[in-house]
Amino acid sequence: MINVIIADHQAIFRAGVAKVLAVEDDFRIVGQPQTSEQMLNALERLRAHVLLVSTFFLPDFGEIQAVTVRNSIATLVLAENGDEASAFIAMGMQGVVYRSINGSSIVDAVRRLARGEPFVHAPNSGVTEISEDLVGMRVRDRLSEKELRIIAAVVRGYKNRDIAAQLYTTEQVVKNALRGIFDKIGVSDRLELALFVLHHRMLAHATASVHLENEALRPGSMMLEKTAARALPTQ
């Protein structure tokens with residue numbers, strides 16, 4: 001049994017990944033911490049094999065690495081679109097995936113890390129796999145640019161008021177748009193929407209490429225280059 005801790009500040013995505021992994025017979029989700037304190041606690045107290053951790057916790061990566069090495073836990077970084085995988089590998093992380101990854105690939109990534117193998121997800125590769133995602137392609141083609149922006153924001157954990165601010169509209173307009181999106185895709189709520197995106201790579205890529213204005217202020221994003229540089233060996 002592979003025990004997994006999922007540490008992500010985006011509740012929708014965290015729950016979606018947990019559901020994807022939980023259906024596998026050899027996985028057990030032992031913790032879903034939302035803060036650094038909860039995560040470090042879980043790493044010390046729970047018998048985990050793999051930690052899936054988002055870059056939201058980047059400022060604490062040094063402490064995270066110390067605990068995971070001590071407890072023989074492999075670390076899989078959940079990176080954001082635009083992050084460089086090589087920077088995380090230089091910091092000593094065993095694997096890197098992006099939010100555009102689909103469900104089967106994230107299952108494969110966790111299994112590989114549990115076996116002691118590295119895994120780096122290339123978000124712009126896999127053309128054949130993308131072209132074969134006919135369902136995701138059909139859904140993407142039915143969605144407007146505005147609807148794709150709303151889906152991208154939902155998957156990244158934005159609330160309706162935040163999405164409304166992004167689109168310069170009202171919360172009611174966003175609520176109405178979400179109902180239309182749910183009907184088009186055939187889901188009933190945000191979690192099912194996130195799961196659908198996670199399972200369809202074409203749609204995942206389409207939403208991952210959407211730029212949201214205040215993402216530049218994402219905690220830890222401005223520290224990545226500096227932290228990675230400290231992790232590199234001196235010449």
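We did not get these values from a lab; they are worked out from the coordinates using the rules stated. Model, not experiment: these values are computed from the prediction. Backbone-built Cβ (ideal geometry, glycine too); neighbour counts: all protein chains shown.
Data for the structure
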| read-out | value |
| --- | --- |
| Which of Asp141, Asp8 has the fewest Cβ neighbours within 10 Å, and the rest in rising order | Asp141, Asp8 |
| Lysine pairs with alpha-carbon atoms under 24 Å apart, the chain, spacing 8 or more or separate chains | 8 |
| Charged-residue dipole, Cβ positions (Lys, Arg, Asp, Glu), segment 156-200 about Cα centre, Debye nearest 20 | 80 |
| 10 Å-binned pair-distance histogram of the chain (Cα, whole percent) | 7, 33, 36, 20, 5, 0 |
| Largest-first ellipsoid semi-axes for segment 4-65, taking √(5λ) over the Cα gyration tensor eigenvalues, angstrom | 19, 14, 9 |
| Whole-Hz couplings from phi, Karplus 6.51/-1.76/1.60, listed for segment 86-95; x for Gly and Pro | 4, 5, 6, 5, 5, 7, x, 7, 7, x |
| Solution diffusion estimate, µm²/s, Stokes-Einstein, segment 127-214, Kirkwood Rh from C-alpha pairs, 10 °C, viscosity 1.306 mPa s | 122 |
